[in-house]
Amino acid sequence: MTEFLHTFVGGSFDLLLRVFLIVVPIMVVLELFEGTRAFRAVVRAWARVVRHVGLDERSAAPTLIGFLFGLAYGGGVIVREVRRHDISRRQVFIMSVFLSMVHAIVEDSLIFIALGASIFWVLVYRIVWAALVTLALTALAGLWVERARRRRGGGLDG
Amino acid sequence: MPAPDDTPPGAPLPQPPAGFWPTVGRDLRLGVIAGLQTFWDLAKVMIPAYGVTLALQQLGVIGWLSNVARPLMSALGLPGDAAVPLVVGYVLNIYAAVGSMQALHLTAQQITVLAVAILIGHNLVVEGAVLHRAGMNGFAFGALRVVAGLAAAIVANLLIGLLG
């Protein structure tokens, strides 16, 4: 039990430090550059890509952060965006599905590439797979929401 | 924790500061506030999830699940032992999974196939907690990542075999 507590406290500290050292700089950089032309150009370019899985321009920034740095950090930005503007549940759902399939693209992929995995399958194939799963699940969820709405006799929200 | 911009509807907007440096100063302040808030949001769900993960490991759940998953491995063209890094990845994280992969002797194709499965599904408890914080069902997403990851790995194994 002391062994367990020891691991838990040490591991928690490492985890918190890691999250802190990544989240606070990301938020500061976002806040500083969010309004700049260069940042908006990057987000707009990324938005043109993720439009194909059903994400709008507002969801582009959180998706980009998660895609590059990791689900936890992207999730953090999603939580922030949801708190600030009203992002629809549908958009949060699409972001969550896409990011749960592919995130921390550099760090996570590099570990396996270093181990000898093929770059094509680990990166290109996985991104294509993530896009397909996202499209399929969004369509399914849409049908399901529509059916639930009809059964309730035309509620206002889904 | 209340949102920093939690002003009542209809309230006049605060004047934006004039000039470059005051703007930078305001942005830094807002960034640090948002960072700390997000950090706290994540910490609240990640630390309990990490505790659950450790408990699962201590209770021997990894060994038990690996035995359950063992027969599945042949569908991926992997030896039964490959179930261990897969389950280690699901419960713990990518680093732990890579660590337990070192003990196996896998071909390049097997490493790639296993990598695809683990890259899609890993750290399910902690990352599920984060998705939960974003308003999603963490359990459903965990199941989705396991199923979609295994399916992606099976397809990759077939395609690599076909394409040579």
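The values are calculated or read from the model by the stated rules, or taken from the named source; none is laboratory data. Keep in mind it's a predicted model, so treat the numbers as computed, not measured. So basically every Cβ, Gly included, is an ideal-geometry build from the backbone, and we count neighbours across all protein chains shown. Quick note on the areas: whole protein, heavy atoms, side chains included, nothing else; ligands and nucleic acids left out. Shrake-Rupley method; radii C 1.70, N 1.55, O 1.52, S 1.80 Å.
From the list B:V126, B:V116, B:V84, pick out the single residue that is more than 30 Å from A:R90 (Cα to Cα) and either open to solvent by 20 Å² or more (accessible area, probe 1.4 Å) or not charged (D, E, K, R) (or both).
Unique residue meeting the criteria: B:V84.
List every residue pair whose Cβ atoms lie under 7 Å apart, where the two residues are 6 or more positions apart in sequence or sit on different chains, the first residue falls within region B:126-154 and is of a type in the set (V, I, T), and the second residue, located anywhere, is open to solvent by 20 Å² or more (accessible area, probe 1.4 Å).
Sorted first by the residue in region B:126-154, then by its partner, the pairs are B:V126/B:Y50; B:V130/B:V45; B:V146/B:Y90; B:I154/B:A75.
Just name the residue that is most open to solvent (accessible area, probe 1.4 Å) out of those in region B:95-104 that are within 23 Å of A:G66 (Cα to Cα) and modelled with pLDDT under 90. Full working, then the answer.
Of region B:95-104, the ones within 23 Å of A:G66 (Cα to Cα) are B:95-98.
Subsequent filtering for residues that are modelled with pLDDT under 90 retains B:95-96, B:98.
Details: B:Y95: 120, B:A96: 33, B:V98: 15 Å².
Out of the qualifying residues, it is B:Y95.
I want to confirm something. Restricting to region A:28-77 and keeping residues that are aliphatic (A, V, I, L, M) and without any contact (Cβ under 8 Å) to a residue 12 or more places away in the chain, which single residue is farthest from the other protein chains (Cβ to nearest Cβ)? Quick ask: steps written out before the conclusion?
Filtering region A:28-77 down to residues aliphatic (A, V, I, L, M) leaves A:28-30, A:32, A:38, A:41-43, A:45, A:47, A:49-50, A:53, A:55, A:60-61, A:64-65, A:68, A:71-72, A:77.
With the extra rule that they be without any contact (Cβ under 8 Å) to a residue 12 or more places away in the chain, the set shrinks to A:28-29, A:32, A:38, A:41, A:45, A:49.
Details: A:V28: 3, A:V29: 7, A:L32: 5, A:A38: 15, A:A41: 19, A:A45: 23, A:V49: 20 Å.
Ranking the candidates gives A:A45 first.
Select from region B:124-157 the residues that are more than 13 Å from A:S100 (Cβ to Cβ) and either among the acidic types (D, E) or assigned to a helix (DSSP H, G or I) (or both) and list them in ascending order. Steps first, answer last, please.
Of the residues in region B:124-157, the ones more than 13 Å from A:S100 (Cβ to Cβ) are B:125, B:133, B:135, B:150-151, B:153-157.
Hits for region B:124-157 are B:V125, B:R133, B:L150, B:A151, B:A153, B:I154, B:V155, B:A156, B:N157.
Which condition number does B:T107 fail, the rest of (1) within 10 Å of chain A (Cβ to nearest Cβ); (2) modelled with pLDDT of 90 or more; (3) buried (at least 17 other Cβ atoms within 10 Å of the Cβ) being met?
Every listed condition holds for B:T107 apart from (3).
Quick one: A:V124 ticks every box in (1) aliphatic (A, V, I, L, M); (2) more than 8 Å from chain B (Cβ to nearest Cβ); (3) open to solvent by less than 30 Å² (accessible area, probe 1.4 Å) bar one, so which box is it?
(3)
Tell me yes or no: at least one residue of region B:61-80 is open to solvent by 40 Å² or more (accessible area, probe 1.4 Å) and facing chain A (nearest Cβ under 8 Å).
So far as region B:61-80 goes, no, none of its residues is open to solvent by 40 Å² or more (accessible area, probe 1.4 Å) and facing chain A (nearest Cβ under 8 Å).
Among the residues of region B:56-92, which ones are of a type in the set (F, W, Y) and touching a His at 6+ places or on another chain (Cβ under 9 Å)?
Scanning region B:56-92 gives a single hit, B:Y90.
Kindly indicate which of A:T7, A:T36 is more than 24 Å from B:G31 (Cβ to Cβ), at pLDDT below 90 and either in contact with a helix residue (DSSP H, G or I) (Cβ under 6 Å, 6 or more places away or on another chain) or among the β-branched types (V, I, T) (or both). So that I can check it myself, show each step before the final result.
Details: A:T36 fails: more than 24 Å from B:G31 (Cβ to Cβ).
Result: A:T7 is the single residue among A:T7, A:T36 that is more than 24 Å from B:G31 (Cβ to Cβ), at pLDDT below 90 and either in contact with a helix residue (DSSP H, G or I) (Cβ under 6 Å, 6 or more places away or on another chain) or among the β-branched types (V, I, T) (or both).
Would region B:19-35 turn up any residue that is of a type outside the set (S, T, Y), under 30 Å from A:L5 (Cβ atoms), open to solvent by 90 Å² or more (accessible area, probe 1.4 Å) and assigned to a helix (DSSP H, G or I)? Don't jump to the end; show me each part of the working.
Here is the first cut: in region B:19-35, the ones of a type outside the set (S, T, Y) are B:19-22, B:24-35.
Remaining after also requiring under 30 Å from A:L5 (Cβ atoms): B:35.
Now restrict to residues that are open to solvent by 90 Å² or more (accessible area, probe 1.4 Å): none.
So far as region B:19-35 goes, no, none of its residues is of a type outside the set (S, T, Y), under 30 Å from A:L5 (Cβ atoms), open to solvent by 90 Å² or more (accessible area, probe 1.4 Å) and assigned to a helix (DSSP H, G or I).
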